[in-house]
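Peer 1: What follows is a structure written as structure tokens; I'll ask about it next.
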Amino acid sequence: MTATEFQPAKTEVRQPILQARNLVKTFGRVVGLDGVSLDLYPGEVLAIIGDNGAGKSTLIKCLTGAEIPDSGELKVSGQPVHFKRPQDARVHGIETVYQNLAVSPALDVASNLFLGREERLPGPLGKIFRVLDTKGMRRKAKEELTRLGISTLQDVTVPVENLSGGQRQAVAVARAAAFGSKVVVLDEPTAALGVRESNQVLQLVRDLRDRGLPVILISHNMPHVFDVADRIHIQRLGKCAATITPQSHSMTDAVAIMTGAATA
Amino acid sequence: MTQQQTAGPPAAGHADPAEEFLDRQTPLSRIRNILHRYPALSPAIVLLVAVVVFGLLNERFLRVENLSLITQQVSVVGTLAIAQTLIILTAGIDLSVGAVMILASMVVAQLAVGSGAPAPLALLLGLVVGLAAGALNGFLVTRFRLPPFIVTLGTLNIFIALTLLYSGGSTVRGSSMPGLLTWMGSTFPVGPVRISTGVVMMLLLYIAVAFILGKTAWGRHVYAVGDDKEAARLAGIPVNRVLMSVYLAAGAVLAIGAWIQIGRTNAASPNAGVDLNLDSITAVVIGGTSLFGGRGSIWGSLLGALIVGVFRNGLSLAGLDVLYQTLAVGVLIIVAVSIDQWIRKVKS
């Protein structure tokens, strides 16, 4: 565990990669988000926790373009952005790994990494006959996995359905982190995994952070959150109840803030 | 991280002895893994066994004239199976393939004979009919989010009715058609075998579709959409556009099937091909393509069509009643789907 070198004070001068100000989102008469602000700095793991209905999912959906906030502003690297679809967020380098694992089981690892952004062969074969550069994509997939430090996936030609849950999660995370993305959002990445596989995924999160890629982690699992997060954003009743660090507060404190029994 | 410890590529590295025990590879599970990786393998084995058995039962079976006849008998269903495979790969099903093909064949024949349109123009308009029918199916599936089964059950009846309304129920005989329309029925010798143009056309379609499915991004997207629609959408694949293009491609293939059908039967009859809708599904299913989508191969469907053709031909040469052929095909379907279910249970 080397997560403790992070200095919250230092971040004050750095520019946040992703910035949200006063996001409001209502669903009819139900208030999903009631003026939530959030900053994500380079090279940090920001966890978002909160009870059911606290607005975690709505917040994430607004950040990743799956929902459009009623008001409030979003900035990526200081530039104001308006996401209408998840693709818009992806164009700005915000990649999301959804809870239900957006991988295609029958396709192999390399095909999954390049799914939706396949590369064609150079020359007439690719231009006219639109032939895929399967070999090139496999090679690049391998390079990308090495670069991200994902060692659980040795063979990129294995169909994803033959992988374990942790390896599948690694494929999904690798796809989100690969190819020049700026922010990786992980929605409950350990929810369906065993102890050992959860640890693999948490290690992967740390590796991404250590390579400078900021991660937003949504989780119900307090030990996991306190294990990897640099800062913890606590949602309560549609608002940000507090932003704490694993050093400043204990798990019990966090749960108390989450449930409204205490304030930060 | 732990390295791979268990033998065999699909096995993941497990340090936990209990997990390793559960994942142990038996010879049976190894076979299942291989069948899982190569979906066309099991129909290939079935076809080989069937050919050997029928060849032993009746020496006429393996004669070149008979084998050539089987390929001609298979050419229409084999072509429809291409369209059906594309749709089943997206986890859909098309009950209307035969009806679309017959509608297109009637339009082509009536235009050429009744209205005196030039043969190429008649064929082109047949292609338009196929594309329009595919567009209607695709539109209803993507825009109204209706299950393909229901959509094509509806359009099946619509297309049958349109065919009868348009043709007035009368058959157009091949002898009255321009030569180009019946060209698919003509045969040419290849060594001792006579091959029909229709069979060549069918094989060319298979090669083209196999290439597109295997080598292009579109092909990969077809599999991904059938595999897990939501996952494909989240990966940024335009799911509805892929589905629409699949139904359009199927419509185009069916129009070419109409041309082959005219040549094969040397006529265009509104009452032909009632069985073809289900026969095409039979060929695809026996060929190892999963009805749940995302898994299967186009070559499996060709093998499936050949298996049905070989069974029908072999059983009739063995002197069995036609009813036994139907019975055998029924058993084949159930066995094929059971094997598919068993293969799908594969876990590493």
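Peer 1: Return a yes/no flag: does region A:148-158 have any residue that is crowded, with 22+ Cβ neighbours inside 10 Å, within 24 Å of B:Gly214 (Cα to Cα) and within 21 Å of the chain's Cα centre (by Cα). Let's see the steps before the verdict.
Peer 2: Applying the first criterion (crowded, with 22+ Cβ neighbours inside 10 Å) to region A:148-158 yields A:150, A:152-153.
When the remaining residues are screened for being within 24 Å of B:Gly214 (Cα to Cα), the result is A:153.
The next check asks that each one be within 21 Å of the chain's Cα centre (by Cα); those that pass are A:153.
Yes, because at least one residue in region A:148-158 is crowded, with 22+ Cβ neighbours inside 10 Å, within 24 Å of B:Gly214 (Cα to Cα) and within 21 Å of the chain's Cα centre (by Cα).
Peer 1: Right, next: Does any residue of region A:116-129 turn out to be surrounded by fewer than 16 Cβ atoms within 10 Å (Cβ to Cβ) and under 21 Å from A:Leu202 (Cα atoms)?
Peer 2: No; the residues of region A:116-129 include none that is surrounded by fewer than 16 Cβ atoms within 10 Å (Cβ to Cβ) and under 21 Å from A:Leu202 (Cα atoms).
Peer 1: Something else about it: How many of the residues in region B:157-173 are closer than 16 Å to B:Val107 by Cβ, of a type outside the set (A, V, I, L, M) and in a helix (DSSP H, G or I)? Give the derivation first.
Peer 2: At the first step, the residues of region B:157-173 found to be closer than 16 Å to B:Val107 by Cβ are B:158-172.
Pick out the ones that are also of a type outside the set (A, V, I, L, M) and you get B:159, B:163, B:166-171.
Narrowing the set further to residues that are in a helix (DSSP H, G or I) leaves B:159, B:163, B:166-167.
Final tally of qualifying residues: 4.
Peer 1: Would a scan of region B:309-332 turn up a residue that is assigned to a helix (DSSP H, G or I) and within 19 Å of B:Leu86 (Cα to Cα)? Walk me through it before giving the result.
Peer 2: So in region B:309-332, the residues assigned to a helix (DSSP H, G or I) come out as B:309-317, B:322-332.
Keeping just the survivors that are within 19 Å of B:Leu86 (Cα to Cα) gives none.
For region B:309-332, residues assigned to a helix (DSSP H, G or I) and within 19 Å of B:Leu86 (Cα to Cα): absent.
Peer 1: Just name the residue that is nearest to the other protein chains (Cβ to nearest Cβ) out of those in region B:39-60 that are farther than 11 Å from B:Gly287 by Cα and not in a helix (DSSP H, G or I).
Peer 2: Per the stated criteria, the residue is B:Asn58.
Peer 1: In addition: Quick one: what pairs do we get from region B:221-234, first residue more than 7 Å from chain A (Cβ to nearest Cβ), second part of a helix (DSSP H, G or I) and among the small types (Gly, Ala, Ser), C-beta under 8 Å, 6+ apart or different chains?
Peer 2: From residues that are more than 7 Å from chain A (Cβ to nearest Cβ), the pairs are B:His221/B:Ala232; B:Val225/B:Ala232.
Peer 1: Further question: Got at least one residue in region B:210-220 being within 16 Å of A:Val160 (Cα to Cα) and facing chain A (nearest Cβ under 7 Å)? If you could, list the steps in order and put the result at the bottom.
Peer 2: Of the residues in region B:210-220, the ones within 16 Å of A:Val160 (Cα to Cα) are B:220.
From what's left, facing chain A (nearest Cβ under 7 Å): B:220.
Yes.
Peer 1: Let me ask something else. Sort through A:Arg29, A:Arg21 and tell me the only one that's at pLDDT below 90 and more than 30 Å from A:Gln200 (Cβ to Cβ). Outline the logic, then answer.
Peer 2: Values: A:Arg21 fails: at pLDDT below 90.
The unique qualifying residue is A:Arg29.
Peer 1: For region A:93-108, which positions are out of contact with any Lys or Arg (no Cβ under 9 Å at 6 or more places or on another chain) and either more than 7 Å from chain B (Cβ to nearest Cβ) or free of Cβ contacts under 8 Å to residues at least 24 places away in the same chain (or both)?
Peer 2: The answer is A:Gln99, A:Asn100.
Peer 1: Here is a further query. Can you name the residue in region A:159-174 that is aliphatic (A, V, I, L, M) and more than 10 Å from chain B (Cβ to nearest Cβ) and is also surrounded by the most Cβ atoms within 10 Å (Cβ to Cβ) among such residues?
Peer 2: Step one: list which residues in region A:159-174 are aliphatic (A, V, I, L, M), which gives A:160, A:163, A:170-174.
Add one more test, that the residue is more than 10 Å from chain B (Cβ to nearest Cβ), and what stays is A:171, A:173-174.
On the way: A:Val171: 29, A:Val173: 23, A:Ala174: 26.
The qualifying residue surrounded by the most Cβ atoms within 10 Å (Cβ to Cβ) is A:Val171.
Peer 1: Which numbered condition trips up A:Ile94, out of (1) more than 30 Å from A:Leu59 (Cβ to Cβ); (2) at pLDDT 90 or above?
Peer 2: The single condition A:Ile94 does not satisfy is (1).
Peer 1: For region A:116-156, give me the residue count where each residue is touching a helix residue (DSSP H, G or I) at 6+ places or on another chain (Cβ under 6 Å), within 12 Å of another protein chain (Cβ to nearest Cβ) and either more than 18 Å from A:Leu208 (Cβ to Cβ) or free of Cβ contacts under 8 Å to residues at least 24 places away in the same chain (or both).
Peer 2: Total meeting the criteria: 7.
Peer 1: In this structure, does A:Leu213 turn out to be within 27 Å of A:Val31 (Cα to Cα), out of contact with any Ser or Thr (no Cβ under 6 Å at 6 or more places or on another chain) and in contact (Cβ under 8 Å) with a residue 60 or more places away in the chain?
Peer 2: Numbers: within 27 Å of A:Val31 (Cα to Cα): no; out of contact with any Ser or Thr (no Cβ under 6 Å at 6 or more places or on another chain): yes; in contact (Cβ under 8 Å) with a residue 60 or more places away in the chain: yes.
The answer is no for A:Leu213.
Peer 1: Related question: Within region B:92-100, does at least one residue satisfy the condition of being more than 14 Å from the chain's Cα centre (by Cα) and in a helix (DSSP H, G or I)? It would help to see each step written out before you state the result.
Peer 2: From region B:92-100, those more than 14 Å from the chain's Cα centre (by Cα) are B:99-100; that's our starting set.
Filter once more, keeping what is in a helix (DSSP H, G or I): B:99-100.
Among the residues of region B:92-100, at least one is more than 14 Å from the chain's Cα centre (by Cα) and in a helix (DSSP H, G or I), which makes the answer yes.
Peer 1: Here's another thing I want to ask about it. What are the residues in region A:62-86 that are under 30 Å from A:Gly260 (Cβ atoms) and either free of Cβ contacts under 8 Å to residues at least 12 places away in the same chain or hydroxyl-bearing (Ser, Thr, Tyr) (or both), if any?
Peer 2: Residues satisfying the conditions are A:Thr64, A:Ser71.
Peer 1: Give me the residue from region B:273-315 that is away from chain A (no Cβ under 14 Å) and charged (D, E, K, R) and, out of that set, surrounded by the fewest Cβ atoms within 10 Å (Cβ to Cβ).
Peer 2: For region B:273-315, the residue satisfying everything is B:Asp275.
Peer 1: Considering only region A:175-201, how many residues are in contact (Cβ under 8 Å) with a residue 24 or more places away in the chain, over 24 Å from A:Gln19 (Cα atoms) and either away from every other protein chain (no Cβ under 13 Å) or not acidic (Asp, Glu) (or both)?
Peer 2: Result for region A:175-201: 9.
Peer 1: Could you identify the single residue in B:Asn58, B:Asn137 that is in contact with a helix residue (DSSP H, G or I) (Cβ under 6 Å, 6 or more places away or on another chain), over 30 Å from B:Val225 (Cβ atoms) and touching a residue at least 60 places away in the same chain (Cβ under 8 Å)?
Peer 2: Values: B:Asn137 fails: over 30 Å from B:Val225 (Cβ atoms).
Just a single option satisfies the conditions, and that option is B:Asn58.
Peer 1: Can you find even one residue in region B:148-156 that is over 20 Å from the mean Cα position of the chain (by Cα), outside any loop (DSSP other than H, G, I, E, B) and away from chain A (no Cβ under 14 Å)? Don't jump to the end; show me each part of the working.
Peer 2: So the first thing to find is which residues in region B:148-156 are over 20 Å from the mean Cα position of the chain (by Cα), and the list is B:154.
Remaining after also requiring outside any loop (DSSP other than H, G, I, E, B): B:154.
Going one step further and asking which of them are away from chain A (no Cβ under 14 Å), we end up with B:154.
Checked against the condition, which is being over 20 Å from the mean Cα position of the chain (by Cα), outside any loop (DSSP other than H, G, I, E, B) and away from chain A (no Cβ under 14 Å), region B:148-156 yields at least one hit.
Peer 1: Out of all the residues in region A:48-73, which are of a type outside the set (Ser, Thr, Tyr) and touching a Pro at 6+ places or on another chain (Cβ under 7 Å)? Steps first, answer last, please.
Peer 2: Initially, region A:48-73 is screened for residues of a type outside the set (Ser, Thr, Tyr), giving A:48-56, A:59-63, A:65-70, A:72-73.
Within region A:48-73, A:Cys62, A:Gly65, A:Ala66, A:Glu73 meet the criteria.
Peer 1: Pick from region A:36-45 the residues that are assigned to a strand (DSSP E or B) and not polar (S, T, N, Q): which of them is farthest from A:Val183 (Cα to Cα)?
Peer 2: Among those residues, the one meeting the criterion is A:Val36.
The values are calculated or read from the model by the stated rules, or taken from the named source; none is laboratory data. Predicted, not measured: the structure shown is a model, and the values here were computed from it. Don't worry about glycine lacking a Cβ; one is built from the backbone with ideal geometry, like all the others, and counts go over all protein chains shown.
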